[in-house]
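Heads up: the structure comes next, in structure tokens.
The values are calculated or read from the model by the stated rules, or taken from the named source; none is laboratory data. Source: prediction; values computed, not measured. Virtual Cβ from ideal backbone geometry, glycine too; neighbours counted across all protein chains shown. These accessible areas exclude ligands, DNA and RNA; they are computed on the full protein's heavy atoms, side chains included. Shrake-Rupley method; radii C 1.70, N 1.55, O 1.52, S 1.80 Å.
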Amino acid sequence: MKDGGLISYGIVPSDSFRRAGAYVDAILKGAKAADLPVQQPTKFELVINLKTADTLALTLPPTLLARADELFNV
């Protein structure tokens with residue numbers, strides 16, 4: 001994102017890794033992998049690169065900026 005992307009919206013990888021650890025724990029305790037429920041991501045983040053927006057001469061709405069989890073200006 002710091003290398004020129006404008007906006008990114010996606011899952012938080014650390015949350016997925018944390019939940020994967022719970023799966024490994026359950027399997028090591030004897031649970032069958034096929035019996036474990038499928039889980040979908042629950043945490044998402046919005047990241048905006050302000051430098052790219054400025055380079056493209058874009059004015060982003062204040063409401064969008066307020067909703068962002070991270071703002072980069074590098």
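Observations, loosely collected:
- FRET efficiency, Phe44 to Val24 (Cβ-Cβ, R0 22 Å, nearest 0.05): 0.40
- Accessible solvent surface per residue of the chain, calculated while the other protein chains remain in place, 1.4 angstrom probe, Å²: 76
- Computed over neighbours whose Cβ is under 14 Å from that of Ser16, the net charge equals +1, Lys and Arg +1, Asp and Glu -1.
- Split the accessible area of the chain by element, probe 1.4 Å, and carbon with sulfur accounts for 59%.
- Direction-averaged projected area, Cα convex hull, the chain: 6.3 nm², rounded to one decimal.
- For segment 10-52, a simple Cβ point-charge model (Lys and Arg +1, Asp and Glu -1, everything else neutral) yields a dipole of about 60 debye relative to the Cα centre.
- Over the chain, relative contact order from alpha-carbon pairs under 8 Å, at least 6 apart, %: 41
- The local environment of Ala26, defined by Cβ-Cβ distances under 15 Å, has a net charge of +2 under the rule Lys, Arg +1 and Asp, Glu -1.
- Residue-averaged [θ]222 nm for the chain, counting only DSSP H segments that reach four residues, each worth -39500 (n - 2.57): -11000 deg cm²/dmol
- Of the trypsin sites (Lys or Arg not before Pro) found in segment 1-62, the ones in coil according to DSSP and having at most 16 other Cβ atoms within 10 Å of their Cβ are Lys2, Lys29, Lys32, Lys43.
- Cα-centred dipole magnitude for the chain, charges only on beta-carbon of K, R (+1) and D, E (-1), debye, nearest 20: 200
- The 3J(HN,Hα) values that the Karplus relation (6.51, -1.76, 1.60; θ = phi - 60°) gives for segment 9-19 are, in residue order, 9, x, 6, 8, x, 4, 5, 5, 5, 5, 5 Hz. Gly and Pro appear as x.
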